[in-house]
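To start, the structure itself, in structure tokens.
The values are calculated or read from the model by the stated rules, or taken from the named source; none is laboratory data. Remember, it's a predicted structure, so these values are computed and weren't measured experimentally. Note: ideal-geometry Cβ built from the backbone for every residue, glycine included; neighbour counts use all protein chains shown.
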Amino acid sequence: MTSLGPNGRPTEEAARKTIEGYLSAIYAGDTDSLGQLFSPTARLVGWDEGELKSVPRDRWLEFVGTIPSPRSQGDSLDSEILDLDVFGTAAVAKVRESYRNFQYVEFLALLWTGERWQIMHKCYHQFAGGAR
């Protein structure tokens, strides 16, 4: 897969692969891959168990690394890309995923860094009804 199209612009396919990589990595609890997919300056903001939270990427990665992954718990991968809009070097994706005991709808802001798509921000809504 090439990241640049014939016009020299980053492709929607490459953005989609980045999002799919995120969904696979969070399912597996792969913090190394998540750290590569998210910008070091990324923040994750949303309603989490009834509380509005805003955390930097590294703090979130620490948390993800301390809990059993859905894959290790025998949960099936239950996620999908609902929408993806790419314009030049910027993109936004709407995804749905089950993670632990919750469902999430997330909006991921991506930016082409010159070499790859990277997730710059995650804004989400959490509600009860996960895979378990």
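A few points about this structure:
- Test: residue in segment 85-93 that is among the small types (G, A, S), more than 14 Å from the chain's Cα centre (by Cα), surrounded by fewer than 12 Cβ atoms within 10 Å (Cβ to Cβ) and over 19 Å from G35 (Cα atoms): yes
- Within segment 71-84, restricting attention to residues that are within 15 Å of the chain's Cα centre (by Cα) and more than 14 Å from I119 (Cβ to Cβ), the residue that is surrounded by the most Cβ atoms within 10 Å (Cβ to Cβ) is S79.
- Residues of segment 90-129 classified as outside any strand (DSSP E or B), within 20 Å of V45 (Cβ to Cβ) and of a type in the set (G, A, S), total: 0
- Here T2 does not fit the description of being modelled with pLDDT of 90 or more, polar (S, T, N, Q), out of contact with any Gly (no Cβ under 6 Å at 6 or more places or on another chain) and farther than 17 Å from K94 by Cβ.
- The one condition from (1) farther than 14 Å from C123 by Cβ; (2) surrounded by 14 or more Cβ atoms within 10 Å (Cβ to Cβ); (3) at pLDDT 95 or above that T41 does not meet is (2).
- Inter-residue pairs, beta-carbon under 6 Å, first more than 14 Å from D85 (Cβ to Cβ) and at pLDDT 95 or above and in segment 107-126, second in a strand (DSSP E or B) and among the polar types (S, T, N, Q), 6+ apart: Q118/S39; M120/S39
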